[in-house]
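The values are calculated or read from the model by the stated rules, or taken from the named source; none is laboratory data. Bear in mind that the values here come from a model prediction, so they are computed numbers and not experimental data. So basically every Cβ, Gly included, is an ideal-geometry build from the backbone, and we count neighbours across all protein chains shown.
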Amino acid sequence: MKRLAHAFALAVGLATATSAAQAGLTLCNRTSYVLYAATGALSLPDIAVKGWTRLIPGACTETIKGDLTAQQYFLYAKTSRAHAGTPHAWSGATQLCAKDKDFALRLPFNARCPADGYELNFSEVATQHRRAWTTTFHDSPDLPSPQAAERAGLKRLIGDTGVKNVYTDKQVDDALKAFKARLHLAINAPSAALFDALETEAMKSAAPSGYTLCNDTGGDIYAAIGQQMVAQSGLVFVARGWWTVAGGACAQLMTDSLTGKKIWLRVERAKGAVLVQGPAKFCITNIEFDIQGRSRCAARGLTEAGFAETAGGPAPGFTAHVTASGLARK
């Protein structure tokens, strides 16, 4: 985890904050997107980071309960993968650890992320040291009310499910009515239930970004990936591992778009039996690792190992399937 920065810039839209009557940190979604938010609380010598809080359009959710007593608070939010088009994030300049699934981390200040985590750019929440604070995410152009955000969100999601030509209020109402009938939802189903169903349905047709590994064997496997990344010194090769993936399960190892990026993979069984390897050499260890550079492995007390190239095309996402005989070419 890199040193915290105080300045921040939001990637899209605007997050504004106002004090609230009750204790805690509350997040309100005044956008047309379903959002997933993560928060950080710095209380030296540790920082606590947790996510993901789901925020449907037009709604508010208390993400941190009780008086806000930490020295600093941080926030990151991203749009749901169910939405079509370019994903958006509300972010800043403070790099904190996160994970793909719901998580709660407490790490020493400036500690490195665990092998199954990664860094995201959080923005600082200027709570003015009050015991309660509300941050509202805004769309661009701004939506005038929570009700308008809810309506815009339903319209966006019904389009994300594949329904075409939804422009007027009547077309939106007709499309939602047909959707409820198809999924056997009550005609007066609450908006929260409708958002749940719409997001689930839209996810089925969403083009996933990132790198996913599926274990098609009968037992646990251990995966490491190699990639080229931009650092202060320029382009560097980085290897990270190990992710444990249970038999029959899939795990998303990366969430960022892979378009034009090469990803190398090494997979082992317990006791080091290799399932996937290749000619590309990276440095590894037999415990969790995050290693920059792939030269002079032995001199650095590391082991040199072969990785197989598995991605690098124009698609934003890639899924690698590992069978008992190695990498499946699908």
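Consider the range 218-268. How many of its residues are surrounded by fewer than 15 Cβ atoms within 10 Å (Cβ to Cβ) and either of a type in the set (Lys, Arg) or touching a helix residue (DSSP H, G or I) at 6+ places or on another chain (Cβ under 6 Å) (or both)?
1
Quick one: which of Gly162, Gly219 is in contact with a Ser or Thr (Cβ under 8 Å, 6 or more places away or on another chain) and either free of Cβ contacts under 8 Å to residues at least 60 places away in the same chain or in a loop (DSSP other than H, G, I, E, B) (or both)?
Gly162 is the lone residue from the list that is in contact with a Ser or Thr (Cβ under 8 Å, 6 or more places away or on another chain) and either free of Cβ contacts under 8 Å to residues at least 60 places away in the same chain or in a loop (DSSP other than H, G, I, E, B) (or both).
Can you find a residue in the range 68-83 that is crowded, with 17+ Cβ neighbours inside 10 Å and among the basic types (Lys, Arg)?
Taking every residue of the range 68-83 in turn, at least one turns out to be crowded, with 17+ Cβ neighbours inside 10 Å and among the basic types (Lys, Arg).
Which one is modelled with the lowest pLDDT among residues in the range 177-211 that are out of contact with any helix residue (DSSP H, G or I) (no Cβ under 9 Å at 6 or more places or on another chain) and polar (S, T, N, Q)?
Ser209
Scan the range 178-195 and report the pairs whose first residue is among the basic types (Lys, Arg) and whose second residue is outside any helix (DSSP H, G or I) and exposed (fewer than 12 other Cβ atoms within 10 Å of the Cβ), with Cβ atoms within less than 7 Å and a gap of 6+ or a chain change.
Between residues of the range 178-195 that are among the basic types (Lys, Arg) and residues that are outside any helix (DSSP H, G or I) and exposed (fewer than 12 other Cβ atoms within 10 Å of the Cβ), the close pairs are Lys180/Ile187.
If we keep just the residues of the range 91-120 that are in contact with a Phe, Trp or Tyr (Cβ under 6 Å, 6 or more places away or on another chain) and farther than 15 Å from Gln252 by Cα, which is surrounded by the fewest Cβ atoms within 10 Å (Cβ to Cβ)?
Filtering first and then ranking leaves Ala93.
For the range 290-324, what are the residues that are crowded, with 18+ Cβ neighbours inside 10 Å and under 26 Å from the mean Cα position of the chain (by Cα)?
Selection gives Ile291, Phe307, Ala308, Thr310, Ala311, Gly317, Phe318, Ala320, Val322.
Those residues that are among the aromatic types (Phe, Trp, Tyr) and part of a helix (DSSP H, G or I), I need them from the range 167-207; list them, please.
Phe179, Phe195
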